[in-house]
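A.B. asks: If you scroll down you'll find the structure; I have some questions about it.
The values are calculated or read from the model by the stated rules, or taken from the named source; none is laboratory data. Owing to the predicted nature of the structure, the values given are computational and were not obtained by experimental measurement. Cβ atoms come from the backbone with ideal geometry, glycine included; neighbour counts cover every protein chain shown. Calculation scope for accessible area: heavy atoms of the full protein, side chains included, ligands and nucleic acids excluded. Shrake-Rupley method; radii C 1.70, N 1.55, O 1.52, S 1.80 Å.
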Amino acid sequence: ADILLIESRKIWGTVDAALLNPGGIRAGFPADTLRLLHIMEVLPFPNHLDLITLTGVQLMQLLDHWSGKGGIALSGLRMTIKDGKTTGVLVGQEPLDLNRTYKIALPDYLVNGGDGCTFLTGRTVERGAFRITDLVARHLEEMGLRGESLKTRTDGRIRIQ
């Protein structure tokens, strides 16, 4: 999700958050050399990254949908899941404002109503020209060229109570 937020900001400029449904992630990366085949195993679906504009109320509906399923991969947000419901949402460093609009990068699969997200259809969407797999591959290749390695960590962006 962090890579999707970075890459979506390169494409669209202002993007508040990026989310990736857990069902779209099918494996983990190996601890050693990362190859394109590994990326395709992790992200096997040909989904494109889209940018959707949601009100705070609609964003809360999306987060509640995923809280009921145990969570979602996200970047740019922090939240707590309590009894299958979303609480304490921060967008960046600010509390979620139900009256504001937010730009959220999502797989087109979700924007088109997949995985129970039919409530997203009909919203303002900027269709992405890039597949998520390609964005992740490009980003990781650029990291490699800079001599950086991929480091993962948990940072408490989703807390479960």
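A.B. asks: Quick check: net charge around residue 120, other residues with Cβ under 12 Å of its Cβ, Lys/Arg +1 and Asp/Glu -1?
C.D. replies: Neighbourhood net charge equals -2.
A.B. asks: Determine, for each peptide in 118-127, 76-85, the mean count of other beta carbons within 10 angstrom over its residues, then list the peptides with the highest first.
C.D. replies: 76-85, 118-127
A.B. asks: Sort 143, 60 by heavy-atom solvent-accessible area, probe 1.4 angstrom, most to least.
C.D. replies: 60, 143
A.B. asks: Among residues other than residue 12 whose Cβ falls under 9 Å from its Cβ, what is the net charge (Lys/Arg +1, Asp/Glu -1)?
C.D. replies: +2
A.B. asks: Which of the peptides 37-45, 147-155, 4-12, 101-109 is most tightly packed, and how do the rest follow, judged by the mean count of other Cβ atoms within 10 Å per residue?
C.D. replies: So the peptides 37-45, 147-155, 4-12, 101-109, ranked by packing, come out 101-109, 4-12, 37-45, 147-155.
A.B. asks: Return the distance in nm (one decimal) between the two label points of a simple spin-label model at residue 37 and residue 57, each offset 7 Å from Cα along Cα→Cβ.
C.D. replies: 5.1 nm
A.B. asks: Taking the Cβ of residue 88 as the centre, find all other residues whose Cβ is under 10 Å away and add up their charges (Lys, Arg: +1; Asp, Glu: -1).
C.D. replies: Around residue 88, the surrounding residues sum to +3.
A.B. asks: Here's another thing I want to ask about it. Keeping all protein chains in place, calculate the accessible area per residue for the chain (probe 1.4 angstrom), answer in Å².
C.D. replies: The answer is 53 Å² per residue.
A.B. asks: I'd like the carbon and sulfur percentage of the solvent accessible area for the chain, probe radius 1.4 Å, heavy atoms only, ligands and nucleic acids excluded.
C.D. replies: Ligands and nucleic acids excluded, carbon and sulfur reach 52 percent.
A.B. asks: Estimate the FRET efficiency between residue 141 and residue 14 by the formula 1/(1 + (r/R0)^6), using the beta-carbon distance for r and 30 Å for R0, to the nearest 0.05.
C.D. replies: 0.75
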